[in-house]
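Worksheet: the structure to be examined is printed underneath.
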Amino acid sequence: MGAFTPSKQPAGKGQKNYPSIYPEGQRGQKGAVPSSIKKRVKGSILPKEKPCGEQVFLRTKQAAGQVVKPVPDPIKTGRPTKSTRSARKTLRRSRLQMRVHSQRQLVQGTKQAAKAAAAFVKKASAAAAKTAASLIHAAAGLVGGAAIFVAVCVVVLAAAIAASPFGIFFSGEPQPGAVTLQEAIRQINQEYRDRLEERKHGGYDRIEQTGAPPPWRDILSIFACKTAGANDGVDVTAFNPDRVARLRMVFWDMTQIETWVETTTHPAPDEDAEPVTEQNLHIKTTAKTAEEMSLAYDFNRHQQEQLAELRSEDNWPLWNELLYGISGTGSGEIVEAALSQVGNVGGEPYWSWYGYGGWVNWCACFVSWCAGQCGYLDAGTAPSFSACSAGIRWFRERGQWQGREHTPAPGDYIFFDWGGDGAADHVGFVERVENARVYTIEGNSNNAVRQCSYPLGWWQIFGYGAIR
């Protein structure tokens, strides 16, 4: 490669010509001597030019034959020099800047984590609440910024869960100015029964009632996604009058009652008698599914994902605990179906659903009707029977029978032997077991659907049939 030659072209617009430090023709020539030698001047950072050819001597104490004293070490002597003090100030300033920078990064990281947590919670399962609890325990072992970071994330996570449809799982506790979820459900169930009774007035010869409202798990899932899942949604953690009114609207949007009268004329029993005319009232309750309601309410993709997560089997234990105060295994769905009928008097529609034309002892018809509403009869996981002996035989043949000493699960069938003669006389459902007592839901208990309780192992309990 040839020697570098400075450009002689004139500078363009906006450019400047910077002269070379080498005379013309000397750059790149071996042995060429610059026109000047640069010398440092004490107290100045600028070089001082000395004419070329003048010999330069470096005057030092070594050159003068003097002994050079070592510079004292400020760390050992404890007497910092001016330069050391300056260095320390610089170091302190740097540390302060680093600390401020770290704090800013921590705050920014916390904000980002909070936003990420809020976005995540809207898609995550309600079990994320348990994750928040575990984070709290983890934070107990941390100190400083890490603990603050985790604590802030936990607070944000819990707040995001409460503001999302999964906040429904926090609604079981009483709060000022609000009722519990269970009380709101009781109010609406009573309204449903009152509407049925209103339709029965009129002196009909026969009343046939079929159908039931949808499961409360589905009603509450739709309610939560519609109320808290929308862009302008509100939380569902407390059932104040506004939330109860919203829940009532969802219930009646999902529950339709149809009635019609059928007139039947029977031939006269003899020549002198008139034909017999019967007025039969039909009452049919039709329940809409969660899928149908998501379309009716025009749920967006985000709400549909939340709905699917709320209704997933992984969250059934949370629903059981929220709706019935039960945890662990058991059939919360059949308990829910039975609880929705508490207060019914007379056993209609249970005995007519089973096929009887008039009143019969209907406790077995009631439990069979509830199993049918849950789809257990179609699936073959529960028996249909009108006599207790037939139900017991079904459970025993499948190895699902337990004696009175057994501790049952919610949804198990409970059979009673009132007279102690070794034969079952009555049947109901186990609602829960608490404080050594078994709580039940029974049809035809004084001709009504009622909730009762008995000591575990009570002598009149004949045994239990377990649903698998």
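The values are calculated or read from the model by the stated rules, or taken from the named source; none is laboratory data. All of these numbers come straight from a predicted model, not from anything done at the bench. Here the Cβ positions follow ideal geometry from the backbone for every residue, glycine too, while neighbour counts run over all protein chains shown. Areas reflect the complete protein model, heavy atoms only, side chains present, ligands, DNA and RNA absent. Shrake-Rupley method; radii C 1.70, N 1.55, O 1.52, S 1.80 Å.
Available extension along the chain between Ser86 and Glu292 is 66.6 nm, counting 0.36 nm per residue and deducting the alpha carbon span.
Between Thr210 and Gln460, how high is the FRET efficiency from 1/(1 + (r/R0)^6) when r is the Cβ-Cβ distance and R₀ = 45 Å? Nearest 0.05. Present the calculation step by step, with values, prior to reporting the outcome.
Numbers: r = 33 Å, r/R0 = 0.74.
For R0 = 45 Å, the calculated efficiency reads 0.85.
Can you tell me the equivalent ellipsoid semi-axes for the range 243-329? Use √(5λ) from the Cα gyration tensor, largest first, whole Å.
On the way: eigenvalues 435, 65, 27 Å².
After diagonalising the Cα gyration tensor, the semi-axes are 47, 18, 12 Å.
In this structure Val179 has an accessible area near 50 Å², from a 1.4 Å probe over the protein heavy atoms.
Distance between the modelled labels on Ala273 and Glu397, one decimal in nanometres: 4.1 nm (7 Å Cα→Cβ projection). Legend: residues Arg437, Arg243, Arg206, sorted from most to least accessible area (1.4 Å probe; ligands, DNA and RNA excluded), read Arg206, Arg437, Arg243.
How big is D for the range 375-468, in µm² s⁻¹ as a whole number, if Stokes-Einstein is applied with the Kirkwood radius of its Cα pairs at 10 °C and 1.306 mPa s? Don't skip to the answer; put the middle values down first.
Working: Rh = 13.4 Å.
For the chosen part, D equals 119 µm²/s.
Rolling a 1.4 Å probe across all protein chains gives Asp270 an accessible area of roughly 90 Å². Computed over the alpha-carbon atoms, the range 276-433 gives an Rg to Rh ratio of 1.03, Rh here being the Kirkwood radius from the mean inverse distance.
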